[in-house]
Each structure stands twice: as structure tokens, then as C-alpha cells.
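Everything on this sheet refers to the single structure shown next.
The values are calculated or read from the model by the stated rules, or taken from the named source; none is laboratory data. As the structure is a computational prediction, the values presented were derived from the model and not from experiment. Here Cβ is always computed from backbone atoms with ideal geometry, including for glycine, and neighbour counts include all displayed protein chains. Side chains included, ligands, DNA and RNA excluded: accessible areas come from the protein's heavy atoms. Shrake-Rupley method; radii C 1.70, N 1.55, O 1.52, S 1.80 Å.
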Amino acid sequence: MSWNSLLENAYVPYSEAAKACIVESDKGNFFAGVRIENISYPVTISSLQAACSICLSEGETPIRVFLPLQIDADQLSYWKDEFDLEIIKTDEPPLDKLTSCFKEEPEDFSSQEELKNLINRAVTPNSDFPVSAILFVEGGYFEGVNVEVSDWSMGLCAERVAIAKAKAAGISKFKRMDVHTLKGEFSSPCGACRQVVTEMMPYHELSLYHADGSLSKHLSADLLPFSFKTSSLKK
Ligand code: THU
């Protein structure tokens, strides 16, 4: 079993340097993470940030990370120290043990209910501002909650956790996204999420379930007008 099938899921159109890892949790589950680049390079998600955030968003703690032998991982020292991770460099990743984060969408599915339940899993020691997100794909969805760690800049928003799960699972065709915040005047994706959403789902519906119970629907393109897009690079 090689890393190739997971490395293929990385979104690296700019550097072409695919990266992937697998994090094992304290509960013995295995979560994959792949590198997700963005035309705005600071909002690129490293494979370790993705895998650790996914693990935390599932209510579990990373204890071990599996990495490809020949590929240097970004942010390794930060994530290693954060969770005292055991590092295993191997050419035989435990792909057969991966936990699937894909959920099938039942007929009676209620986004509002699901977002309300999901938001309890947000990890917000700093902000106490929980957010939940559901990313819809063919036949089902991926869940996301925001995850904060010791370094504020290494945290990941609910929207991007859901996107990281889908990309790690090899799914790139996104349908729409629902987002819910519990506090604040209204639910409003941050600038970094707008940039990532613009790149991953440029003309898609975003439903924002606000704290007061109201709902507004938006086209992703409208949330980041006059944006810097990948298409700008194409001649
Ligand atoms: N946050 C999200 O997860 N999504 C949003 O749409 C807005 C902000 C998170 C990030 C951080 O954990 C907290 O909310 C406060 O910024």
C-alpha cells in the first residue's frame, strides 16, 4: 500500500508538491489530511493542519502521525510539539484503517438540526465562538466545526475543516455549504474562508443559519467580489 492514492487527493496546482499524512487519535481512529493550496498562499492548509484539525473536530486527540518517507511535512515541529506526536515515517501508510468522514444524506435530513448538534463539537478554548458547517457533495455531506489550538494562527474554521475532510476523501465536486454560528449578530464566513470557498466552490450556494434562528442564502461569488482567482493566472 503506497501513499500515492492519498497524495493524489492533495490540491497543489501551484507548487505541484503533493503532501499527505495520517493522524492516529487517542481513540485509535485514523484521519487523513492532504495539502490544500490556495492562490492566496497564506491560506494554504498543510496536510498536518488538516489531519490534526479533522481529528480534533471529531472530538478526538492526535497521538501519532504517519508520514511519507521521502516527503518533508510542513509545520511538523508545531504539530509534533502541540500534541507530543509520535512520528512514524513509512512507505506503508495505514490506508485500510482510515475513518470515513463522509455521511450519507437521509431523506428527512434537516440542516438546521444537524448544524445545531454539530456545533457542540467545536473546539474554541480562545474565542468561545463555536461554528458548524456542512459541505454537501454527491449523495451526502462532510461536517466541520472550528478548531482552535495553542497558536491562534494554526486554528481552522468550520468551513475549511469540512473542505479538508472532503479533499482528503478524494472528493472535489462540491454542491453547496451550510454554516451556523451560535453567537454574534449574524453568521459570516471570515476572509480566509471566503478566499478558500471562492477557489473550491466559486458559484455555489452558501446558506447562513444565524444565531437568532434566521437564514440567509448567498452565492459564494458574492461573498468575495472582485476576487483574485486562479483564472487570473491563465493566459
Ligand atoms: N470561525 C469559523 O469557524 N467560521 C466562520 O465563518 C467565522 C469564524 C471561527 C474561527 C475562530 O475559531 C472563531 O470562529 C472566532 O474567529
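List of remarks:
- Accessible surface comparison of D81, D74, probe 1.4 Å, protein chains only, largest first: the order is D81, D74.
- Full-stretch length increase - I63, E113 - with 0.36 nm per residue and alpha-carbon distance subtracted: 14.8 nm
- Heavy-atom accessible surface of the chain: percent carbon and sulfur, 1.4 Å: 49 percent
- Solvent exposure of the range 1-83 as accessible area per residue, Å², 1.4 Å probe: 40 Å²
- Gaussian network model of the chain, springs between alpha carbon atoms under 10 Å - residue of L69, L135, L98 with greatest fluctuation: L69
- The relative contact order of the chain comes to 16 percent, based on Cα pairs under 8 Å that sit 6 or more residues apart.
- Computed about the Cα centre, the dipole magnitude for the range 103-232 is approximately 420 debye when only Lys and Arg (+1) and Asp and Glu (-1) carry charge, each at its Cβ.
- Efficiency of FRET between E16 and K103 - r from beta-carbon atoms, R0 35 angstrom, step 0.05: 0.65
- Part-to-part distance (alpha-carbon centres) for the range 177-235 and the range 119-146, which is given in Å: 15 Å
- Convex hull projection area averaged over all views, the range 4-97, Cα basis, nm²: 5.7 nm²
- The GluC sites (Glu not before Pro) of the range 94-123 that DSSP puts in a loop, and whose beta carbon has at most 12 other beta carbons within 10 Å, are E107.
- Segment D151..D26, full-extension length gain: 42.9 nm, with 0.36 nm per residue of separation and the alpha-carbon distance subtracted.
- Accessible area expressed per residue, the range 119-182, with surrounding protein chains retained (probe 1.4 Å, Å²): 35 Å²
- Length gained on full extension, A221 to K173: 15.6 nm, using 0.36 nm per residue less the C-alpha separation.
- E24 sits with roughly 30 Å² accessible to a 1.4 Å probe, with DNA, RNA and ligands left out of the calculation.
- Proximal aspartates and glutamates relative to K217, as straight alpha-carbon distance under 14 Å, when same-chain residues fewer than 8 apart are discounted: D178, E205
- Local charge for S150 was computed over the other residues whose Cβ lies under 13 Å away, with Lys and Arg +1 and Asp and Glu -1, and equals -4.
- Exceeding the 25 Å Cα-Cα cut-off - candidates K80/K229; K103/K234; K116/K165; K80/K103; K89/K173: K80/K229; K103/K234; K80/K103; K89/K173
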